[in-house]
Amino acid sequence: MVTYSKGSLRQRSKGHWQARFCRTDSNGSSIVTRSFEAPSKRVATLVMEDIRRELIEAEAQKCSSIDLVTYMLSYVREREESEQIEASTASNYRSSIKHIARHLNGRSIGEITSQDILDMQAGLLREGLVADTVAKDHRFLKQVMDYAAEMGHIPQSPFNKATKPPKRRRPCPNALDARSREALISVLDASPTSRQSIAARLGLLAGMRREEVAGLRWGDVDTKARDDDYVLGEEGSFYMPDRITKDFSSLAKAMGLTGAAGKRVTFHDLRDTFATHLIASGVNVKTVSYLLGHANAAMTLNVYTSNTPAGMESAATALEALAK
């Protein structure tokens, strides 16, 4: 990832000028100079701008041949090291890189086309990945390619209006019913405190996503806490999101936990259980939306107040009352 400063200009002698630029890449910074002739400072400034443009274009030609997977990994590493993203987010990005690499490995960033992206998505869906996961991979790759275009590493991003992610299906909540929810709480209460039990409680009783649980720090829990390590981490490292999923999957299988959709309950279904329990208890939808971190209450209504058995039962009760 190479960048050039706007540059500075100095006159060496009459009609002779020197342009200086700061070149920065992953290895550090260095000074690049170019000497030239120009009759005036105004003309020299225009020449300096042309030189900078040529330097950037030359770097772009080099960068466009960089292997896509190498570029994506570098992109994630730089953001993680500069603390622009949490370690848990970086882990999520690396999962997307693994998916993308299965179809675009060995391709340079300058070779990727819109058709390549559509073919990759079709391939991932054929492998059995759900549309939501493939859409997540699409968003990550778009983020990387847009960055590459913005930095001048490729002429333009291959993403366009025709390059759309798979259509995400409206989720059908697979929430636990009241009895199963209480059974799970009882098991957690009777179990020794562990990272697995803490993660399950945070999902069930706070509606947190697995990435949010993995990235949770003590400073988020208590602003006065001196220890800002990860709540589920050890020695500065965080608990992997995939580990949280696998741990809860084992517990759900052992307990035979099945949700409203008739499927084995996943860790994300604890978030659905949290939301449906609050709504069923009469909590204002706007409040539930805020707690879930949804963009608006409409999203919460669309997902959690659909034709669930509990919702149909409430409707039947209300209609019966009207008929009297």
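The values are calculated or read from the model by the stated rules, or taken from the named source; none is laboratory data. Quick caveat: nothing in here was measured; it's all calculated off a predicted structure. Neighbour counts are summed over all protein chains in view; Cβ atoms, including those assigned to glycine, are modelled from backbone coordinates with ideal geometry. Side chains are part of the model used for accessible areas, which takes the heavy atoms of the whole protein and leaves out ligands, DNA and RNA. Shrake-Rupley method; radii C 1.70, N 1.55, O 1.52, S 1.80 Å.
Between residue 233 and residues 5 or more places away or on another chain, which pairs have amide H atoms under 5 Å apart, with H built 1.01 Å from N, and which residues are they?
Distant-sequence amide H within range of residue 233: 239.
Between 0 and 90 degrees, rounded to the nearest ten: what's the tilt of helix 87-104 against the longest Cα principal axis of the chain?
So the helix axis and the longest Cα principal axis differ by about 70 degrees.
Kindly list the residues of the stretch 92-130 that lie in the label zone of residue 162, defined by a backbone N under 16 Å from the point 7 Å along the Cα-to-C-beta vector.
In the stretch 92-130, the label zone of residue 162 (backbone N under 16 Å from the point 7 Å along Cα→Cβ) covers 112-122.
Calculate, for residue 14 and residue 45, the FRET efficiency according to 1/(1 + (r/R0)^6) with r their C-beta to C-beta distance and R0 22 Å; round to the nearest 0.05. Can you show the working numbers first?
Details: r = 17 Å, r/R0 = 0.76.
After rounding, the FRET efficiency stands at 0.85.
How charged is the neighbourhood of residue 52? Take every other residue with its Cβ under 13 Å from the Cβ of residue 52, and add Lys/Arg as +1 and Asp/Glu as -1.
Working: positive: 6, 20, 23, 34, 53; negative: 49, 50, 54, 57, 59.
Around residue 52, the charge tally is 0.
Rounded to a whole number, what % of the accessible area of the chain do carbon and sulfur atoms account for, probe 1.4 Å? Intermediate results must be reported in sequence, preceding the final value.
Working: 9610 of 18960 Å².
Carbon with sulfur: 51 percent of the solvent-accessible area.
How are the Cα pair distances of the stretch 92-185 distributed, in percent, across 10 Å bins from 0?
Computed distribution, short to long bins: 15, 41, 22, 11, 8, 3.
Counting Lys +1, Arg +1, Asp -1, Glu -1, what net charge surrounds residue 278 among other residues with beta carbon under 13 Å of its beta carbon? Numbers along the way, then the final one.
Details: positive: 181, 271, 286; negative: 272.
Residues close to residue 278 contribute a combined charge of +2.
In the stretch 180-287, what trypsin sites (Lys or Arg not before Pro) fall in a loop by DSSP, with at most 10 other Cβ atoms inside 10 Å? The partial results should precede the final answer.
On the way: sites: 181, 195, 201, 209, 210, 217, 224, 226, 243, 246, 253, 263, 264, 271, 286; in loops: 209, 224, 226, 263.
The qualifying sites are 224, 226.
Given the DSSP H assignment, sum -39500 (n - 2.57) over each helix run of at least 4 residues in the chain and divide by its residue total; what's the result at 222 nm in deg cm²/dmol, nearest 500?
On the way: 14 runs with 183 residues, N = 324.
It comes out at -18000 deg cm²/dmol, rounded to the nearest 500.
For the stretch 247-297, report the accessible area per residue in Å² (1.4 Å probe, heavy atoms, rounded to an integer). Intermediate values should be presented prior to the final figure.
Working: 2630 Å² over 51 residues.
Using a 1.4 Å probe on heavy atoms only, each residue of the stretch 247-297 averages 52 Å².
Report, to the nearest 10°, how far helix 131-150 tilts away from the longest principal axis of the Cα atoms in the chain, using its own Cα long axis and a range of 0 to 90°.
Computed tilt is about 20 degrees.
Can you compute the modelled spin-label distance between residue 229 and residue 3, with each label point 7 Å from Cα toward Cβ, in nm?
So the label points at residue 229 and residue 3 sit 3.4 nm apart.
If I stretch the segment between residue 118 and residue 79 completely, what's the gain in nm (0.36 nm per residue apart, minus their alpha carbon distance), one decimal?
On the way: separation 39, 0.36 × 39 = 14.04 nm, distance 2.67 nm.
So the extension gain works out to 11.4 nm.
Using only the alpha-carbon atoms, how far is helix 241-255 inclined from the longest principal axis of the chain? Give it as 0 to 90 degrees, nearest 10.
10
Express in Å², to the nearest 10, the accessible area of residue 240 obtained by rolling a 1.4 Å probe over the protein heavy atoms while all chains stay in place.
90
Can you give the longest stretch of the chain with no exposed loop site, where a site means GluC sites (Glu not before Pro) in a DSSP loop (not H, G, I, E or B) with at most 12 other C-beta atoms within 10 Å?
Values: sites that count: 83, 127, 235.
Counting only loop sites that pass the neighbour cut-off, the longest clear stretch is 128-234.
Hey, of (1) 98, 48, 40; (2) 62, 43, 36; (3) 56, 46, 46, which did the structure itself give for Cα extents along the principal axes in Å when calculated?
Label (1) holds the value from this structure.
Please work out the FRET efficiency for the pair residue 150 and residue 253, using the Cβ-Cβ distance as r and a Förster radius of 41 Å; give the result to the nearest 0.05.
Working: r = 46 Å, r/R0 = 1.11.
Between residue 150 and residue 253 the formula returns 0.35.
Out of the stretch 1-69, which trypsin sites (Lys or Arg not before Pro) are coil in DSSP terms and have no more than 13 other C-beta atoms within 10 Å? Before the final figure, lay out the partial values.
Working: sites: 6, 10, 12, 14, 20, 23, 34, 41, 42, 52, 53, 62; in loops: 6, 14.
Filter output for the stretch 1-69: 6, 14.
Just grab the label-to-label distance for residue 62 and residue 185, each label 7 Å out from Cα along the Cβ direction, in nm (one decimal).
Computed distance between label sites residue 62 and residue 185 equals 6.2 nm.
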